[in-house]
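Presented below is the structure to which this report refers.
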Amino acid sequence: MNFGSIGIFLALAIIIFLAMRSYSILVVAPLCALLVIVCNRMNITQALLTAPNSFMAGVGGFISSYLLVFLLGSILAKLLEDSGAAQAISKWVLSVTGTESPYKVMIALFCVSVLLTYGGVSLFVAIFALVPLARPLFRQMNIPWHLAMIPIGAGLGTFTMTMLPGTPSVQNVVPTIPLGTTLMAAPLVGLVSTAVVVIFTLWYMKSQMNKAIKAGEIYVLTNADTATSQERELPSLGTSLLPMIVLIAIIFVGSFMKVQNIILIALSVSIIFAVIMFRKHSANLLGSINIGATNALGPVTLTAAAIGFGGVVAAAPGFSVIGKLFLSIPGSPLISLSVVTAFFSAVTGSATGGLGIVMKAFAPTYLSMGVAPEAIHRIAAIASGFGSMPHSGAILATLALMGLNHKEGYRHLFMTNIVGNFLALVVGVALAIIIY
């Protein structure tokens, strides 16, 4: 292993260490990117500023691609919150689950998260809808807010992202092009892995709920609760659900018809419906829109900084050296495939980024070894879930939108998205070796 590779490991350790101690990724990411650049003897100006794969190119590329998604998603979420629609939906959920069991409420939120993402709603869009929905539920049931990270994190970033056959997630689409597979690749491996994650998540959710009750933890009011904590006339359930129904319907139909930028179209139309439907229930629609737009800036810039760091790491010479070392791991090629995909996803902090690198650089190698394309597809997709690291853009966005820091929320994400994913990967690899 050369000095450049050591620099990558060191930068990764530093960025995780500092992120877990609530240092801003806006400061940490460029400093750690600079460390990678120096250790790999890259041109500092080019690698930070001017090259196509520079830090700023990664930042700018992400913002240009996703700013409108964050902006429109945040506006829609704020309209749902300020109008009382999220509170009305939450009351309906409580009428179904009852108010005796906080655990049932958490399971209901878990199911909603799963339905949204398996239905094709992007993680970055779904989280905007889930937070205003979950907050009044947890407040009324007096459940500590940090526990919301369990059903939301597991519902958005585990089996609906990489395991369930047919899921429309980007991570399930990426392998189809180089491998010639379909979204249904290795269905039995995906279903069994899904069962492992679901069982583990339900157990962890229950254990943490019991632990919180035993410790006397309660829901603590914050500034985010001021808009919905007052008693007032709420919109009907149908009125409250309509903008989200419109959102999901347009995504479904538009995706089937392969309409470009369908997410932006769906969000825009949903906002128009929300403005029309909620005009009698919102005291200041313009104020909600303005605040929603402003609220989007923090999550998008935090996420972009993490993407910029990942871009520098992927371009470093030491990165390819590390990949070649993993190929020499003894045993079934599926074992080295899972390790190399998990590593690249963890370092870049991106399931999509790590999976894309592996498919481009290593898929031909594994195919030449005689490994079944379906097995490569599903095992690599599951292993990409290790992108849920503390410096991951998706993790940073989720924490920011929920108003939690790493100390409060990431421990739950680590258990559901890393530990749960690891257990599923072990079972999936063993099953794939037997079948393929």
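What is the local net charge at Pro144, summed over the other residues whose Cβ is closer than 11 Å to its Cβ (Lys, Arg +1; Asp, Glu -1)? Walk me through the numbers before you get to the answer.
Values: positive: Arg139, Lys211; negative: Glu217, Glu408.
Its environment carries a net charge of 0.
With each pseudo-label sitting 7 Å past Cα toward Cβ, what's the Ala249-Val269 distance in nm, one decimal?
0.8
Once every DSSP H run of n ≥ 4 in the chain is given -39500 (n - 2.57) and the sum is divided by its residues, what mean residue ellipticity at 222 nm do you get, rounded to the nearest 500 deg cm²/dmol? If you can, show how the numbers build up before the last one.
Details: 22 runs with 316 residues, N = 436.
Helix-only estimate at 222 nm: -23500 deg cm²/dmol.
Quick one: putting +1 on the C-beta of Lys and Arg, -1 on the C-beta of Asp and Glu, what dipole do you get for the chain around its Cα centre, in Debye to the nearest 20? Spell out each step's value before the answer.
Details: 19 positive and 9 negative charges, 42 e Å.
In debye, rounded to 20, the chain gives about 200.
How would you rank Ser240, Ser320, going from fewest to most other Cβ atoms within 10 Å of each one's own Cβ?
Working: Ser240 27, Ser320 14.
Fewest-to-most Cβ neighbours within 10 Å comes out as Ser320, Ser240.
Around Val105, under 13 Å between beta carbons, what's the net of Lys plus Arg minus Asp minus Glu among the other residues?
Working: positive: Lys91, Lys104, Arg135, Arg139, Lys206; negative: Glu100.
Here the charged neighbours net out to +4.
Just want the ordering: Glu100, Glu374, from fewest to most Cβ atoms lying within 10 Å of their own Cβ. Don't skip to the answer; put the middle values down first.
Working: Glu100 9, Glu374 22.
Neighbour counts put them in this order, fewest first: Glu100, Glu374.
Each residue of segment 170-182 in order: what ³J(HN,Hα) in whole Hz does its phi give by Karplus 6.51 cos²θ - 1.76 cosθ + 1.60, θ = phi - 60°, with x for Gly and Pro?
4, 5, 8, 8, 3, x, 5, 6, x, 9, x, 8, 10
For the charge dipole of segment 3-435, defined by +1 on Lys and Arg C-beta atoms and -1 on Asp and Glu C-beta atoms about the Cα centroid, which residue among Ser83, Ile433, Leu242 has the Cα displaced farthest towards the positive pole?
Going by the charge dipole, the pick is Ile433.
Give the distance, in whole Å, between the Cα centre of segment 327-359 and the Cα centre of segment 44-114.
With segment 327-359 and segment 44-114 each reduced to a Cα centre, they are spaced 27 Å.
For segment 3-435, build the charge dipole from Cβ charges (+1 Lys, Arg; -1 Asp, Glu) around the Cα centre, then report which of Gly349, Ala11, Val220 sits farthest towards its positive end.
Final value for the positive-end residue is Ala11.
Only one of the listed values, [x] 108, 83, 63; [y] 81, 49, 47; [z] 64, 51, 50, was derived from the coordinates as Cα extents along the principal axes in Å; which label is it?
The value computed from this structure is option [z].
Tabulate in residue order the Karplus-calculated ³J(HN,Hα) for segment 145-152, using 6.51 cos²θ - 1.76 cosθ + 1.60 with θ = phi - 60°, rounded to whole Hz; enter x for Gly and Pro.
So the Karplus estimates, Gly and Pro as x, are 4, 5, 5, 5, 5, 5, x, 6 Hz.
At a threshold of 8 angstrom on Cα-Cα distance, excluding pairs fewer than six apart, so keeping six or more, what relative contact order does the chain reach in percent? The partial results should precede the final answer.
Details: 715 pairs, mean separation 117.2, N = 436.
Computed value for the chain: 27 percent relative contact order.
Within a Cβ distance under 12 Å of Ala186, other residues only, what is the Lys/Arg minus Asp/Glu net charge? If you can, show how the numbers build up before the last one.
Working: positive: Arg378; negative: Glu374.
Overall, the nearby charge balance is 0.
Past 29 Å, Cα to Cα, is the threshold; run Lys91/Lys258; Lys78/Lys104; Lys78/Lys360; Lys91/Lys206; Lys104/Lys258; Lys360/Lys407 against it and keep the listed order. Intermediate values should be presented prior to the final figure.
Numbers: Lys91/Lys258 36 Å; Lys78/Lys104 26 Å; Lys78/Lys360 40 Å; Lys91/Lys206 22 Å; Lys104/Lys258 37 Å; Lys360/Lys407 35 Å.
As for pairs spanning more than 29 Å Cα to Cα, those are Lys91/Lys258; Lys78/Lys360; Lys104/Lys258; Lys360/Lys407.
Picking from Ile418, Tyr118, Met184, whose Cα lies most toward the positive end of the charge dipole for segment 3-435 (charges on Cβ: Lys, Arg +1; Asp, Glu -1)?
Ile418
What ranking of Val321, Val125, Val347 emerges when the number of other C-beta atoms within 10 Å of each C-beta is taken as an exposure proxy, fewest first? Let's see the in-between values first.
Numbers: Val321 15, Val125 25, Val347 28.
Starting with the residue having the fewest Cβ neighbours, the order is Val321, Val125, Val347.
Rule-based calculations on the coordinates, nothing more; no lab input. For clarity, every value in this text was computed on a predicted model and none was experimentally measured. Positions of Cβ are backbone-derived with ideal geometry, glycine not excepted, and every protein chain shown enters the neighbour counts.
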